[in-house]
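Here's the structure, in structure tokens; my notes come after.
FYI, it's all coordinate maths here, none of it is from the lab. What you see is a predicted model; the values in this text were computed from it and never measured. Heads up, the Cβs are rebuilt from the backbone with ideal geometry, glycines too, and the neighbour counts pull from every protein chain shown.
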Protein chains: 2
Amino acid sequence: MNPTSAYKSLETRYRRMNLVRDAIAVLDWDGAAMMPDGGAQTRAEQLATLKLIVHEQAVDPAFADLFAAAGDGKGLDGWQEANLREMRRDWVHATALPADLVEARSRAVSACEMRWRQARKDNDFAGLLPLMQKVLDLTREVAAIKAEKLGRTTYDALLDEYEPGGASAEIDAIFADLASFLPDFTQAVLDRQARAPVPVPLDGPFPAAAQKKLAEELMRAVGFDFDHGRLDTSHHPFCGGVPDDVRLTTRWDEKDFAKGLMGVLHETGHAMYERGLPQEWRHQPVGFARGMSAHESQSLLVEMQAARSPEFLSFLAPKAAAAFGRSGVAWSADNFRRIYHRVKRGLIRVDADEVTYPAHVILRYRLERALIEGRMQLADLPGAWNEGMRELIGVVPPDDRDGCLQDIHWPGGSWGYFPTYTLGAMTAAQLFDAAKRAIPSIPSALSRGDFAPLMGWLRENVHSLGSSVSTRELLVKATGRALDAGVFKAHLKARYLDS
Amino acid sequence: MNPTSAYKSLETRYRRMNLVRDAIAVLDWDGAAMMPDGGAQTRAEQLATLKLIVHEQAVDPAFADLFAAAGDGKGLDGWQEANLREMRRDWVHATALPADLVEARSRAVSACEMRWRQARKDNDFAGLLPLMQKVLDLTREVAAIKAEKLGRTTYDALLDEYEPGGASAEIDAIFADLASFLPDFTQAVLDRQARAPVPVPLDGPFPAAAQKKLAEELMRAVGFDFDHGRLDTSHHPFCGGVPDDVRLTTRWDEKDFAKGLMGVLHETGHAMYERGLPQEWRHQPVGFARGMSAHESQSLLVEMQAARSPEFLSFLAPKAAAAFGRSGVAWSADNFRRIYHRVKRGLIRVDADEVTYPAHVILRYRLERALIEGRMQLADLPGAWNEGMRELIGVVPPDDRDGCLQDIHWPGGSWGYFPTYTLGAMTAAQLFDAAKRAIPSIPSALSRGDFAPLMGWLRENVHSLGSSVSTRELLVKATGRALDAGVFKAHLKARYLDS
């Protein structure tokens, strides 16, 4: 078989596999947003069957020959070559592990995740420990095997699933920079905040229907196309579905609309990325989003950089007042800025503000790396957690419920995921900064609720690239440099100290 | 391989195939009830991929050996034996046809169905003729091949896809009986109706939300479990999803709630059948509904026999009045009976009442058989249609739009489907009759909106049997005799002449 026809055959196979993955994505959305509880068992069986089919397709022995025949992509154009590279990456991850290890880990994760729900409620780390140890042991096995196949460290081999090409050596440097910056900076922000007026609370109730109407209007402003997507409700908000039919979900809290609204805008950022991926490469690996930090950069760019900008908040405040039929000082742009720029040392990552959030992530990154690399025992996690909280954020959890038991990631088997949140936040700051340099009218457009200039730039410089370049190359092409903590720090200073 | 392990291996394969079919069913529902228009193209690709996977599984050459090894089911229990028989049936249909014929027909059907939408609007039979001829020719090829494999006539081979074991020789006798009965009977009903008060119209508007609330309340009364199903809206109402998660759809016409409400109850009858199928045989062929006439019998039993019974209508009238905040003579039980028992000679099958509906079906059955058996030319269809309408219903369509172009079935490739509607209606009458003999309190329970006694009987005598027996055996077991037009005629006489 010649290289080109081998490549074409690979394209056909990946297209088919990814169409089944699409079906899985729609069924996952349905399970969260539509399915009655009684459908859970049969849905789990449907999904398990489809996942098994994808797995069997992915490990088909024919791939080895096809990749060998395709060689180094001679005769292919640039996108095809990148596609071949991404296919190989997918294939290495799919075939790296023996089937019994995959199954054992999948079972361990299911058991641990289920136990975690109760253990968190009961503040029972000791009770969870044996199950979590099992997950960790099997994850370390996975990491060792993948490290060997990928020629990377064990932690980086796990990271690579979420952040292709990500390297802890680079993350170390960036996080060290942030970790030395954040404590003093946070104190300075809190001191300044203490001298400013306190935010006036927005008093509810805020009917869900009015919230939905406002949220949909803002989604349209960002560029969300309701002919290619929906907004529904689910217990945990997410961006699901497929690029041509994006399914967003949220929750409506009738006592507080402010947080949920930003949540919708966050998910809309994810959605815009998916929608903007290169149409001609649908269902091919090169047509997918670049990785988790790139994805998170798009949600945080919309939520944190654009929608919480003073310009957009000055547009939002009167809009929200009208949506709920309110008026008064609480609904002023100044008060909205005080609400949306409030900083607080807190225990819970998902409730953290933009300033303290990175510290939560740095803590988790340090701990999961030590656990994966065998430099720390799982039994020592609660103590190390609390010590890290004191050092990085300046508060100590009174118990493990609000400490090391708060996140589902580790019990759920997601090791190597945490750093992507903060890499995403920093990438968002760097992209927004570059976009504003390229198109200086972006802030004034945002003050009119107009995202079009910003989105046009992101379409061209991020979304449409898919996975044709590495995360690093993408950033260099778009902003002129690799990830640079300086831009993020400058953003924080500008918003929280100098404004 | 011994027979038992061959059988077990077949079970595993059918389970997997049917779980993919389940996923298809949920995606089909989503496409009709949830999906934004822009998602259609990618959804079509997802579905084509899943269907191809099912097809490849179904025609796996390994089946021939497994069926050979399983033999006649020695060592299996009764249900397993029936399951093996149903698997073989599925397999024969799946493998009977050469792939190029399946594909050619699928393409011809797509083209014809699309053209039909316009041809109907344009009253353009001549324009549709070449495409429909192609569908007919290929369907006749299919029929000839399947007739050979199944050892049946060509028409019966097509019928068998919808009505396993159905035989036109039996249908001929039953339809001949009805065809000789209906014209005079219809005239007698119309004469009587002309002497009675005309129905007082129910004046709208009827807000969709109030209609939905009422419909859901009645669905619950029938026994629909919202923990295992939903009610949503779609352009064409249907019962979709899977037995443990049934997805019903309807449309809300704010000018007229009466028709839509019965539509919901009709679909609820389908849903109750699916939900009541034997839980321990989920995803196995023997656990499926018996066939289209059995399925239609369950929807028509709920809609026509139970919900349009005088007893239930006396419960419904005040309920509906309260739901819409109305009162007066239009909302009396008597007026509801006049509305729901109205008979009219009409041109359109889907708008037909219970009395004239069978005549529409008999016409189509005669014509499609003549076309499949080559006793009639497609070009002669409009004339034969109009002649049949005059003979059977006493009205002649002014054009083909409201004549032979009205149904999607033939352009859409469903040949041999039509008789199941009327077989279903007759089966419904016979089952309802038997249920009332077994549990005489059923009518009085319905007058209180209580379907439990009826549903209990149907669960035991119909739903829980799945496909463990033939349609004929099912009816004999449940009612003491094979399908008997006399019961249906007696039902019509009692409701339309003697009440």
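Details
- Net charge of neighbours whose Cβ lies under 13 Å from the Cβ of B:Glu368, counting Lys and Arg as +1 and Asp and Glu as -1: +2
- Annotation: average projected area of chain A is 23.0 square nanometres, based on the convex hull of Cα atoms across all directions.
- The value obtained for the stretch A:367-437, namely the Cα convex hull volume divided by the number of residues, is 124 Å³ per residue.
- Segment B:Ala58-B:Asn123, extension gain: residue separation times 0.36 nm, minus the distance between their alpha carbons: 19.4 nm
- Net dipole in debye of the stretch A:3-95 [+1 Lys, Arg Cβ; -1 Asp, Glu Cβ; about Cα centre; nearest 20]: 200 debye
- Sparse packing (at most 13 other Cβ atoms within 10 Å of the Cβ) combined with a DSSP loop state is found for the following trypsin sites (Lys or Arg not before Pro) in the stretch A:458-487: A:Arg481.
- Options B:Tyr7, B:Ala126, B:Ser180, ranked by Cα towards positive dipole end of chain B, top entry (Cβ charges): B:Ser180
- Per-residue shielding of B:26-39, expressed as the average number of other chain Cβ atoms within 10 Å of the residue Cβ, stands at 6.
- Over all distinct Cα-Cα pairs of the stretch B:333-399, the Kirkwood formula returns a hydrodynamic radius of 13.1 Å.
- Neighbouring Cβ atoms from other chains, within 10 Å of the Cβ of residues in A:12-24, number 4 on average.
- q = 0.09, 0.15, 0.16, 0.18 Å⁻¹, the stretch A:40-184: log10 I(q)/I(0) [Debye, one scatterer per Cα]: -0.44, -1.03, -1.11, -1.22
- Where labels lie 7 Å past Cα in the beta-carbon direction, separation of A:Lys51 and A:Asp232 in nm: 2.0 nm
- The C-alpha radius of gyration of the stretch A:364-499, expressed as a fraction of 2.2 N^0.38 Å, stands at 1.34.
- Overall Cα dimensions of the stretch B:166-284, principal axis frame, Å, largest first: 47, 47, 25
- Simple Cβ-charge dipole of chain A, Lys/Arg +1 and Asp/Glu -1, about Cα centre, in debye nearest 20: 840 debye
- DSSP H segments from chain A that extend 24 Å or more along their own axis, Cα-based, with Kyte-Doolittle mean of -1.0 or above: A:3-33, A:40-58, A:99-122, A:125-150, A:168-195, A:258-276, A:419-438
- P(r) weight above 23 Å for the stretch B:1-95, C-alpha pairs, percent: 37 percent
- Peptide packing: for B:417-425, B:211-219, A:65-73, A:352-360, the average count of neighbouring Cβ atoms within 10 Å per residue gives the ranking B:417-425, A:352-360, B:211-219, A:65-73, highest mean first.
- Within the protein assembly as shown: Cβ-based charge dipole about Cα centre, in debye rounded to nearest 20 (Lys, Arg +1; Asp, Glu -1): 1420 debye
- Beta bridges per DSSP with both ends in the protein assembly as shown, % antiparallel, nearest 5: 45 percent
- Normalised by 2.2 N^0.38 Å, where N counts its residues, the alpha-carbon radius of gyration of the protein assembly as shown equals 1.08.
- Given A:Lys149/B:Lys8; B:Lys255/B:Lys493; A:Lys344/A:Lys489; A:Lys134/A:Lys259, the pairs whose alpha carbons are separated by over 27 Å: A:Lys149/B:Lys8; B:Lys255/B:Lys493; A:Lys134/A:Lys259
- Ranking A:Ser297, A:Ser332, A:Ser309 by Cα position along the charge dipole of the stretch A:294-356, where only Lys, Arg, Asp and Glu carry charges on their C-beta atoms, puts A:Ser332 farthest toward the positive end.
- Projecting the Cα atoms of B:Gly78, B:Gln193, B:Asn18 onto the dipole axis of chain B, where Lys and Arg carry +1 and Asp and Glu carry -1 at the beta carbon, places B:Gln193 farthest toward the positive end.
- Under 17 Å from B:Lys477, Cα to Cα: lysines that are on another chain or at least 8 residues apart: B:Lys436
- Label-reachable residues, the stretch B:176-214, where backbone N falls under 15 Å from a point 7 Å from B:Ala330's Cα toward its Cβ: B:198-207
- Relative contact order of chain A, pairs being alpha-carbon contacts under 8 Å that are 6 or more residues apart, as %: 19 percent
- Debye log10 I(q)/I(0) at q = 0.17, 0.18 Å⁻¹ for the stretch A:305-424, Cα point scatterers: -0.85, -0.91
- Virtual spin-label span in nm between B:Val350 and B:Asp256, 7 Å along Cα→Cβ: 1.3 nm
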